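One structure is given here, and the rest of the page talks about it.
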Amino acid sequence: MAEPARIALIGPGAIGATVAAWLAQSPELALTLCARTPLDRLEIETPGGPISAELVVLTDPADAAPADWVLVCTKAYDVAGAAAWLARLVGPDTRVAVLQNGVEHVARFAPYVPVERILPAVVDISAERSAPGRVLQRMNGTILVPAGADGEAFAALFDHSPIDARTTTDFTTALFRKLTVNCAGGVCGIVNKPNGIARDPAIADFMRALAEECVTVGRAEGARLADDLAASVVRGYQQTPPDSINSLHADRMAGRPMEIDARHSVIVRLGEKHGIPTPMNRLAVTLLNAVQ
Ligand SMILES: NC(=O)c1ccc[n+]([C@@H]2O[C@H](COP(=O)([O-])OP(=O)(O)OC[C@H]3O[C@@H](n4cnc5c(N)ncnc54)[C@H](OP(=O)(O)O)[C@@H]3O)[C@@H](O)[C@H]2O)c1
């Protein structure tokens, strides 16, 4: 029988713990968690019921050894912390999947890993953590990666899980579609209220304006985004459980830094590059920095 594939997951938070617990259900995968805060076990309340896993947990990069796959699931601003692990986890054949928001996954890790071995991933899973290793996964969700051999191999890791991991030939569009969702959700971080605040018509207008700027910038970057995307993103927030909390808002509530750069400043930066005004996202950056 073939040796199980060695998977090291950096950052077992809301997304990392959920992904790790699902991958751990497969006998063909051997997982190691690389954590900042120690944890004993993973207990995930999934849409289909609870699942749990007891895995090797490291808290010191010095104890790590090369893996076949590294899954980076830290926040986008925790690159330096993740890089300390990568220095030990990446061997000559290691592939590194970056499961983060924003559109700059590859650029973020290019100083630490050869770019041809970095696989950016767009995660659309709604997950909230209540304690180390304890997560509410609100939907099975999807993970999109670029088409190609590495993308196919990554997607195959999820064959035993209900998470729909698959490749796309138009990854730029996937990136900006998700950024459109994320930038609209920045309002929740500003007003410190769950996603249900989107049912307020004035808040919905603000969300739509943020999202429209992202659509314009995304198109300038080559994404193919539908004319009604911004409106449908706002409808999505209005239809989501009113008490659900996006990860930027979760950060604010927990007193952690927020992903302001990856979710809003990047739109301002790319807008400047293309000569596209982005006053709403600029305002969001100002307000989020003020409440951070
Ligand atoms: N949550 C969602 O619903 C969701 C959905 C789609 C995409 N995303 C994106 O997915 C990414 C992860 O988000 P998340 O919500 O899972 O964040 P999270 O719950 O804050 O988890 C991040 C994890 O990284 C850990 N970490 C930070 N520095 C580390 C280091 N040096 N070594 C090891 N671990 C370290 C944190 O440790 P501590 O426990 O010490 O804080 C935490 O467990 C973000 O880019 C987010 O935007 C999130």
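Take 263-273, 11-21 and order them by the average number of nearby Cβ atoms within 10 Å per residue, most first; the result is 11-21, 263-273.
For region 1-56, the percent of C-alpha pairs falling in each 10 Å distance bin, counted from 0 to the bin holding the largest distance, reads 24, 56, 19, 1. The magnitude of the dipole of the chain, with charges of +1 and -1 set on the Cβ of Lys/Arg and Asp/Glu and taken from the Cα centre, is near 680 debye.
For region 21-63, GluC sites (Glu not before Pro) meeting the loop criterion (DSSP other than H, G, I, E, B) and having at most 16 other Cβ atoms within 10 Å: 28, 54. Residue by residue, region 141-150 carries 3J(HN,Hα) couplings of x, 10, 10, 10, 10, x, 4, x, 4, 5 Hz when phi is fed to the Karplus relation 6.51 cos²θ - 1.76 cosθ + 1.60 (θ = phi - 60°); x denotes Gly or Pro. Counting every Cα pair in region 133-234, what percent are over 21 Å apart? Looking at region 133-234, the distances longer than 21 Å represent 48 percent of pairs.
The Cα center of region 164-215 and the Cα center of region 1-66 differ in position by 29 Å. Dipole size of region 1-60 about its Cα centre, with +1 on Lys/Arg Cβ and -1 on Asp/Glu Cβ: approximately 140 debye, rounded to the nearest 20. Give the average over all directions of the projected area of the C-alpha convex hull of region 1-146, one decimal, in nm². Computing the convex hull of the Cα atoms and averaging its projections yields 8.5 nm². Only helical runs count toward this figure. For the chain, summing -39,500 (n - 2.57) over DSSP H runs of n ≥ 4 and dividing by all residues gives -12000 deg cm²/dmol at 222 nm.
Straight-line reach from residue 178: which lysines have Cα under 17 Å away, leaving out those fewer than 8 places along the same chain? Straight-line reach from residue 178, under 17 Å: 75.
Evaluating 6.51 cos²θ - 1.76 cosθ + 1.60 at θ = phi - 60° for every residue in region 97-102, the Karplus couplings come out as 9, 10, 9, 9, 8, x Hz, glycine and proline recorded as x.
Candidate cross-link partners of residue 273 among the aspartates and glutamates, defined by an alpha-carbon separation under 19 Å and a same-chain spacing of 8 or more, comprise 104, 212, 213, 221, 261.
Taken together, the values in this text are just the output of simple stated rules run on the coordinates, not laboratory data. This structure is a prediction, so every number in the text was calculated from the model and none was measured. Positions of Cβ are generated from backbone atoms using ideal geometry, with glycine treated the same way; all protein chains shown enter the neighbour counts.
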